[in-house]
Each structure stands twice: as C-alpha cells, then as structure tokens.
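Participant: Here it is, the structure, as structure tokens.
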Amino acid sequence: MTDPAFPALFSPIVVAGRRLRNRVCLCATVTNLARDNRITDPWRNFLLERARGGAAMLVTEIIAVDPEAIAQSTTVIGYEPVNDDAFRAIARDVQGEGALLIGQLWHPGRQQLWHPTKAPIGVSDLPDPYSWTVPHVMSTDEVVRVVGTFVETARRLHACGFDGVELHGAHGYLIMQFLSPASNTRTDIYGGDLEGRTRFVREIAAGIRAACGSSFAIGLKAPADEGVAGGIDPAEAERITRRLAATGDFDYLAYGQGNFSLSLETHVPDLYFRPGHFIDLHRRMREAAGGIPVMALGRIGTPELADRVVADGYGDLVGMTRALIADAAWANKAMRGQAGDIRPSVFDNFPWGEVHRGKPVSDHHTPHIGRAGEADRVPEPAADAKRVLVIGGGPAGLETAWVAAARGHGVTMFCGGSRPGGALRLEADLPGRDEMGRIIEHQLRMCERYGVEIVVGHRADPDRIRSYDADAVVLATGSVQRLPAGLDPGPRMIPARDLVAAGHEHRGECAVLVDEDQTAAVYGVADLLARSFRRVILATSRPAFAGGVNHCSAIGVFRRLHSAGVTLLPALETVRFADGVLELRNPYSLEQTAIEGVDLVVHATPRIACDGLLGELGGLEVHLVGDCRSPRNLQSAILGGHGVAENL
C-alpha cells in the first residue's frame, strides 16, 4: 500500500508508452562487477535486487558501443554478441519484478580516466582535462561510423528484450564532447553552431528510433551545467534541450553536472553540497523540455525530498545511485511507510572512490551488494540464543550488537562515552560532516528495534566482564592516535580526536595539523582549526595531500583549504616541537625547516589498537571487531562487526 506521505513519488508515469509504477529510478553507476568484459552474477544481481526493492526503472552501468570504448576489463561489451544471453536473462528477470530495464550506451572519447595510454578517438585535438590525453581527431566518416555503433548496440539490446537505452552525454564523455562549445572546435557538419554540435546525438537517436520503433525508450543524460568557461552553462543547456526535444526522438532527459575538470566535484555532489543541490537547474530544463519527462538527480537521499522533487515540478523522475547502493529496498521501504528503516547514504562518495580505484562497488554499511536476496535480506536466526556482551559503542560495536540481537541473542553493550558512536560521532561533529552521524542513528534504531541494552558512561574492567557470565564477549574498544615521530605529549600537542571532543576550546594565532592519515575527516579538522586560528598550516610527510579521499571529494577538500588560506606543506615529517617551534624535515632531501610561533600542534596519525582487555579475558569466548582488531576504515569496522555477529 502506498504511503500517503509520498503520493507524488509513488504515482505512475508513462515513458515511451510504458507505465512505470513509481518515479524512482536507478541511475547508471559503474560497479566493477563484470569480469573480462562479460556480465557476471553479481552484475546481474545488482540490478535485479534494486528492481525487487521497488525501483521502477533501472539504467545499467555503461555498455561499450565500440572497441575504443573498452576502458577496462569490467566494462561490459555491447557491440558484439558475447553478452547477449546474459542481456536476455537480465531483461527477463528485471521486467519480471515489475521494472523497466534501460541500457546506458557509452563511449568515453578522449576521456581516458582508466586507460590514459590508449589511443582514443575524439572530437578535437584538445586534451582530456583529467588525464591530459590528446585523442586522434575523428574524420567525418569516422564520426558516421561511431553513430552506427551506437545504433547497432541499441538494436542488439532491443533484440535482447531491453525496454530502452540511455545515451551517456554527460560528464565529458564523447556525446558531450560534441555538444559542448568548450570541447567541439570542429569545422565540419558536426561542429560550429548548435545545429552542428547536436547533430551527432540527433543522428544516433534518429537511427535508434528507426531501428527499434516508438515503444523503445530513448533517454539522454546531459549536463545542465558543465562548470567550465565557454562550456555548456544553464542557458546553453536550455537551448540544447529545446533543440533535442523538437526532434521527437527522446522519451526522457536526465541531467548530471560537470566534466572531468575540477567541475567533476559536481558530478557526484557529496555531503558538503545541499540535499538536492541541483534541482533548481532540473526544473529549468524541465520547462525547456516541452513535456518530455525530466529526471532530477544528485544528492537526493530521502523519500521526503524525492517526493517534493516530483510534487513541486523539479522533475518527473527521481534518479538515485548512492541512495540505492546503500539500500536496495529504498523504494519499497518508502512506499510501505518505513522510511525510518532505510539504510542511509551519507554521500561521502566512498562507493565512487572504491570504483575509481578499480575495486567492486561497496559502501560503508551495506554488506551484501551484488548478492542474491540483498533487497530483502535479514539476519538469519541463530541456532542457539546466547548472552552476548559488546564492549565499545562505536560503529563496529553498534553493528555487532544489533545484528546479534536480530538473530535472537540477548545483547548488552557497554559504551565508555556519554553517547554511542565513538570516533564516528566525533567526525560527525566536524564542519560539514554531520551527515556521517546518520550511520550511527540507523544503527541505534536497529539496536532499539531488536532490544539491545545499551549502558553508557561505563568502561568495563575484566572483573565486571567476567561477572556478567556472557557466552561471548565482543571487544569493540577502538584505537588511539599515536604521537608523530620525535614529538612528546603536552598541552600544546594533542590528537585530532581530542581537539574535536573539546569543541572550540582551543584558539590562538597559529596551529599546525600533522596529517599522517590523509582521510576526509582530517581535512574536516583543518576546517575546524581555520575557524579558531588566524594561521593554519597542514603538513604531511607524503608528497601530496588527500591520498585517502576519492577524487571528486578531494576537489572539494582543496577548494575549502585554499579558500580558507590554509598553508599546505607536503613532504615534511616532524622532528621536534619545543617553545613554540616545530622542526620539520624533508624525508627525501633531509633538509630541515622550522615553523615559529606555533600555539598548537594537532596530529592525525596511524592509530594504536586498544586491545589490552584481550589478554585479561582468558577462558572466555572473545571476538575483536573494528579498530581494536586492526585500525582501518569505517567500512572495515562496520562490515567486520556485521560478519562476527552473523557467526555468533
């Protein structure tokens, strides 16, 4: 039954003569779940589980239309029959769950973010802004050939039972390279004015329409704002939209921002952007589209916002990727009035970063991506109920506690602080990073649902643990930050976590943040220091900063640091701090330097596991999760806790 709180979102809509059960759409997202350019069961499951989870339309990840479009071994081939059987099976299964399946047709052109050594084809001799790759400039005949590869790949998907295709014309890929005056400097019929620059995509769409018929949906993903000088700005995007709408060959239009310059930050707007950051742009495009359904997308994560997008005319369809990665059953939960049960995306772009590094898609607290049954999976009941004691209330402990309780164990959790959340709670207190707290909130809701007893303000000792007479003890006692080499503790030398816990207690003229961590939270600490100190210096022994931050979010990191006037000192390791002087040394040249007048040194450093209790609990069944097992990242903490709980 449709939740009356979201009537617009769960109203039907017709696209290319096909009825969608609601407005929720999975946007295309690279998953790296294919192997050797072939579809795998996890690739199929990723789509199928989101159809089972209630999404009305699913756009596959990129499907290569040409050998030049094979970026890596996880790019699925569409121009040859090698995947036809898998395409047929996926179309049948997704449609059997009541959803439409759309294949995204893709050619990167000059944009070789995975393979900068390939010999790419392109629109002009201008370099790719990310890799600086200069392509071979296609002749007119070569352009015509590539038009044909798009059409023939669409014909193949149509024959395999797909409901339509989406042409990827955003984010700086080949179609956008034709559309944008910043990248298209051609003088033939595919360049110049609006008519010339839109010819490539118009010929593709017309060819697909002739080959596949009127009931085969043709969508286009394009930018509403490219974000570069001389490129596609909103006014130009409106002109392009009107011209393409006039062809009658497009059944929906989707809008994603940026290209692979610094505007790539807007491609996947992270937690520093407003929720629904670009929906005003989407409404402008909708007005220009002349009645063609428009998909709004970008940082839309809650049913409330998604419903408002439709109800208030920002878009006809709501595109989501990160929200549906976090919870495959997002749509079903929202429809059933269970929005509070949705596992939230925190929009820190961790999944994008994993994929960009060549890893399979994953998220902080989504343990079963790509597995059958993901959408409706619940913890399996334990064969024998146990009494479980969890020591530590951070994300690893919370995950262990609620999953164990959901399996039928009786669970008590001791939390040393006044509120659960551990170091993640501190991160959520940093400027702009409050969204991270939604993970804790979700875990606490699950703990409450399954009856976990949480005791705050209690640091357990071995005698108390033994007196509890638990069948299993789970240590989730976290870690502490170690001192940088050569430095001594003192009131003017503190760990980053202590600084955050103290709030705005520390102020002064000059603060130095020693960055031996390189994660996003460290740069949130720099933002905090910039509010309280006139001069902030960020130093690392590495030759560069933000090595642990995904590329899109790293753009924002550097934008904030430079805008705040933070001094960046790479390739400098600590030597000594005394009398307000911090001595540093270049690890490559061994040249030393000194910073005078330092009021405070804050260090974000590799951590030390707090596992001391383990040696004092001999004879008990003890498990370690999170940082006290091995100080790693948030995903390792949560999924490690989940795994231990599933095996208790």
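Participant: Under the condition of being over 28 Å from the mean Cα position of the chain (by Cα) and surrounded by 15 or more Cβ atoms within 10 Å (Cβ to Cβ), which residue from the range 500-520 is nearest to Leu483 (Cα to Cα)?
Facilitator: Per the stated criteria, the residue is Val512.
Participant: Answer yes or no as to whether Leu568 is in contact with a helix residue (DSSP H, G or I) (Cβ under 9 Å, 6 or more places away or on another chain), over 21 Å from Leu426 (Cα atoms), surrounded by fewer than 19 Cβ atoms within 10 Å (Cβ to Cβ) and in contact (Cβ under 8 Å) with a residue 60 or more places away in the chain.
Facilitator: no
Participant: Being part of a helix (DSSP H, G or I), closer than 21 Å to Gly231 by Cβ and open to solvent by 60 Å² or more (accessible area, probe 1.4 Å) is the filter here; which residues of the range 187-212 pass it?
Facilitator: Within the range 187-212, Glu195, Arg199 qualify.
Participant: Among the hydrophobic types (A, V, I, L, M, F, W, C), open to solvent by 10 Å² or more (accessible area, probe 1.4 Å) and at negative phi: which single residue out of Phe350, Phe414 fits that description?
Facilitator: Among Phe350, Phe414, only Phe350 is among the hydrophobic types (A, V, I, L, M, F, W, C), open to solvent by 10 Å² or more (accessible area, probe 1.4 Å) and at negative phi.
Participant: It is to be established whether one or more residues within the range 301-315 are in contact with a His (Cβ under 7 Å, 6 or more places away or on another chain), more than 21 Å from Ser11 (Cα to Cα) and of a type outside the set (D, E, K, R). Give the derivation first.
Facilitator: Quick first cut of the range 301-315, residues in contact with a His (Cβ under 7 Å, 6 or more places away or on another chain) only: 314-315.
If we keep only those that are more than 21 Å from Ser11 (Cα to Cα) too, we end up with none.
Checked against the condition, which is being in contact with a His (Cβ under 7 Å, 6 or more places away or on another chain), more than 21 Å from Ser11 (Cα to Cα) and of a type outside the set (D, E, K, R), the range 301-315 yields no hits at all.
Participant: For the range 126-161, which residues satisfy the criterion of being open to solvent by 50 Å² or more (accessible area, probe 1.4 Å), of a type in the set (A, V, I, L, M) and in a helix (DSSP H, G or I)?
Facilitator: Val144, Ala159
Participant: Still on this structure: Hey, does the range 588-604 have a residue that's surrounded by fewer than 21 Cβ atoms within 10 Å (Cβ to Cβ), β-branched (Val, Ile, Thr) and over 24 Å from Phe273 (Cα atoms)?
Facilitator: Yes; the residues of the range 588-604 include at least one that is surrounded by fewer than 21 Cβ atoms within 10 Å (Cβ to Cβ), β-branched (Val, Ile, Thr) and over 24 Å from Phe273 (Cα atoms).
Participant: Need pairs with beta-carbon distance below 8 Å; first residue free of Cβ contacts under 8 Å to residues at least 24 places away in the same chain and on the phi < 0 side of the Ramachandran plot and within the range 545-564, second in a loop (DSSP other than H, G, I, E, B) and surrounded by 20 or more Cβ atoms within 10 Å (Cβ to Cβ); sequence gap 6+ or separate chains.
Facilitator: Partner pairs satisfying both residue conditions: Ala554/Ala546; Phe558/Phe545; Phe558/Ala546.
Participant: Which numbered condition in (1) exposed (fewer than 15 other Cβ atoms within 10 Å of the Cβ); (2) touching a Phe, Trp or Tyr at 6+ places or on another chain (Cβ under 9 Å); (3) farther than 25 Å from Glu596 by Cα is the only one that Gly457 fails?
Facilitator: Going through the list (1) exposed (fewer than 15 other Cβ atoms within 10 Å of the Cβ); (2) touching a Phe, Trp or Tyr at 6+ places or on another chain (Cβ under 9 Å); (3) farther than 25 Å from Glu596 by Cα, Gly457 breaks only (2).
Participant: Which number in (1) over 20 Å from the mean Cα position of the chain (by Cα); (2) at pLDDT below 95; (3) not hydroxyl-bearing (Ser, Thr, Tyr) marks the one condition that Leu100 misses?
Facilitator: With (1) over 20 Å from the mean Cα position of the chain (by Cα); (2) at pLDDT below 95; (3) not hydroxyl-bearing (Ser, Thr, Tyr) applied to Leu100, the lone miss is (2).
Participant: Quick check, is Arg52 open to solvent by 30 Å² or more (accessible area, probe 1.4 Å) and either in contact (Cβ under 8 Å) with a residue 24 or more places away in the chain or not basic (Lys, Arg) (or both)?
Facilitator: Here the answer is yes, as Arg52 does meet what is asked.
Participant: Tell me which of these Pro431 doesn't satisfy, since it passes every other one: (1) under 30 Å from the mean Cα position of the chain (by Cα); (2) surrounded by 24 or more Cβ atoms within 10 Å (Cβ to Cβ); (3) closer than 30 Å to Leu499 by Cβ.
Facilitator: With (1) under 30 Å from the mean Cα position of the chain (by Cα); (2) surrounded by 24 or more Cβ atoms within 10 Å (Cβ to Cβ); (3) closer than 30 Å to Leu499 by Cβ applied to Pro431, the lone miss is (2).
Participant: Name the strands (runs of 3 or more DSSP E) wholly inside the range 540-613 in which the number of residues that are over 30 Å from Gly422 (Cβ atoms) is 1 or more.
Facilitator: Where strands (runs of 3 or more DSSP E) fall fully within the range 540-613 and carry at least 1 residues being over 30 Å from Gly422 (Cβ atoms), they are 567-569, 573-578, 581-585, 592-595.
Participant: Let me ask something else. Collect the residues in the range 236-249 that are closer than 21 Å to Gly319 by Cβ and part of a loop (DSSP other than H, G, I, E, B), keeping them in residue-number order.
Facilitator: The one that is closer than 21 Å to Gly319 by Cβ and part of a loop (DSSP other than H, G, I, E, B): Asp249.
Participant: Can you tell me which residue is least open to solvent (accessible area, probe 1.4 Å) among those in the range 214-235 that are over 22 Å from His107 (Cβ atoms) and not in a loop (DSSP other than H, G, I, E, B)?
Facilitator: The selected residue is Pro234.
Participant: Further question on the same structure: When the range 69-90 is examined, which residues are found to be in a helix (DSSP H, G or I) and either in contact with a Ser or Thr (Cβ under 6 Å, 6 or more places away or on another chain) or surrounded by fewer than 21 Cβ atoms within 10 Å (Cβ to Cβ) (or both)?
Facilitator: Within the range 69-90, Pro81, Val82, Asp84, Asp85, Ala86, Arg88, Ala89 qualify.
For (1) in contact with a strand residue (DSSP E or B) (Cβ under 6 Å, 6 or more places away or on another chain); (2) of a type in the set (Ser, Thr, Tyr); (3) buried (at least 24 other Cβ atoms within 10 Å of the Cβ); (4) within 26 Å of Thr366 (Cβ to Cβ), each residue gets a yes or a no:
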{"site": "Met295", "(1), (2), (3), (4)": "yes, no, yes, yes"}
{"site": "Leu305", "(1), (2), (3), (4)": "no, no, no, yes"}
{"site": "Asp312", "(1), (2), (3), (4)": "no, no, no, no"}
{"site": "Met320", "(1), (2), (3), (4)": "no, no, yes, yes"}
{"site": "Asn332", "(1), (2), (3), (4)": "no, no, no, yes"}
{"site": "Gly337", "(1), (2), (3), (4)": "no, no, no, yes"}
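Participant: Just for the range 7-26: of the residues that are open to solvent by 10 Å² or more (accessible area, probe 1.4 Å) and hydrophobic (A, V, I, L, M, F, W, C), which one is farthest from Arg336 (Cα to Cα)?
Facilitator: Per the stated criteria, the residue is Ala16.
The values are calculated or read from the model by the stated rules, or taken from the named source; none is laboratory data. Keep in mind that this is a model prediction, so the values were computed, not measured. Glycine also receives a Cβ, built like all others from the backbone with ideal geometry; neighbour counts cover every protein chain displayed. Ligands, DNA and RNA are stripped out before the accessible areas are found, and what is left, the full protein with its side chains, is counted by its heavy atoms. Shrake-Rupley method; radii C 1.70, N 1.55, O 1.52, S 1.80 Å.
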